[in-house]
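Student: For reference, the structure I am asking about is given below.
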Amino acid sequence: MKIDDSRLDPSLDRRLAALTREYAPDPALWHGIEARLPPRRRSRRLAIAAAVGGLALIVATLTAQLQREPLLDPGRMTVDAEAQALRALEPESIPAAWTEAAAGLESAWHDNQAAIAELEQALERSPGNRLLLDFLAQARLRQARLIGQAATRNSVPISTERKIDT
Amino acid sequence: MNDALARPLPDAAAERAEDAVRVAAARRGDRAAFEGLYRRHAGWLLPMLWRLAAGDRGRAEDWLQEAFVQAWQKLDQLRDGAAFPAWLKRLAVNLALADQRRGQLTLVDQTSEQAAPEPPWPAADLDLERAIVSLPERARHVLVLFHLAGLGHTEIGLAMNIDPGTSKAQLHRARTLLKERLA
């Protein structure tokens, strides 16, 4: 049995290829969709895992820096104690609000970074595309804002919610 | 992949990048960005769904809405935001085929003497549109997925849970029936 006879009937192929492929749906359809969209929420397990990962990175960086360049000023004892306290933290004892906020920022940062990478690739293919350049500028501004927010938030819980022996 | 429908747009790379940006924003809960994805992609999805639904416009619109609602819910599963159109197409096709398999909605009786439905768009080839929607279900699905959705026989086999060889046979059957009806 002959299975694919498309080459023997170019007339049918032409007619199939000419069929309508685009048709704008009734505008009311979008409103129906929008009404059914639930709020997007990240999984709590993912948020906690991301926060713990971020905390581990901070501790590792701080510890390595202290070992490489011992501080000579009177603040050294305070920083050492803070590093010890951070190492001793159990994931369960991290304030929930802090972990969620940190995870949200980190997630947004990663999403934004992925978007920046896509835009840069697209710009390599279409240099000078004003729309892409505009998107890229917005994405970089957003990245800067996220980093600023992260720096602000990371400093608050350590100094206000943790008791550190000095 | 059946490349017959590959769209060689000059700005395809820019469109892919814009999709990726919108997907990233929608993941963060930006509904306006998701609406942008809908505005760009619903237009090519609806004719395909209308033909899969044998010309039942209400059902095709239900599938379209359900596909976008599911896309919103499953956005985190999409690794490459630029691949949104292909991902959305698979989602919509699977949803449509599963719905027809379940038979949750009343099927159009393909052997009835009722006049074949007309598409909601101004059809340039009404005879062919009518002939397609009056095909037997399996043959119609394979024909629409191959010629109008751009899927290959392996992908069609996976979507319809049939062997790729069966997909080829159904395509042959569909084309033979079309030729008979259009003669």
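The values are calculated or read from the model by the stated rules, or taken from the named source; none is laboratory data. What you see is a predicted model; the values in this text were computed from it and never measured. Glycine also receives a Cβ, built like all others from the backbone with ideal geometry; neighbour counts cover every protein chain displayed. The accessibility values were calculated without ligands, DNA or RNA, using every heavy atom of the protein model including side chains. Shrake-Rupley method; radii C 1.70, N 1.55, O 1.52, S 1.80 Å.
Student: Applying the selection to segment B:13-65, what residues are more than 10 Å from every other protein chain (Cβ to nearest Cβ) and not in a helix (DSSP H, G or I)?
Tutor: Scanning segment B:13-65 gives B:ALA53, B:ALA54, B:GLY55, B:ASP56.
Student: Let me ask something else about it. Has segment B:149-161 got at least one residue that is more than 8 Å from every other protein chain (Cβ to nearest Cβ) and farther than 16 Å from B:VAL93 by Cβ?
Tutor: no
Student: Additional query: If I ask for residues that are open to solvent by less than 30 Å² (accessible area, probe 1.4 Å) and facing chain B (nearest Cβ under 7 Å), which ones from segment A:113-125 would you list?
Tutor: Passing the criteria: A:ALA115, A:LEU119, A:ALA122.
Student: In segment B:127-183, which residues are among the basic types (Lys, Arg) and open to solvent by less than 40 Å² (accessible area, probe 1.4 Å)?
Tutor: B:ARG140, B:ARG175
Student: Can you say whether B:ALA139 is within 15 Å of B:ASN94 (Cα to Cα), in a helix (DSSP H, G or I) and under 19 Å from the mean Cα position of the chain (by Cα), as far as the supplied structure shows?
Tutor: Spelling it out, it is not the case that B:ALA139 is within 15 Å of B:ASN94 (Cα to Cα), in a helix (DSSP H, G or I) and under 19 Å from the mean Cα position of the chain (by Cα).
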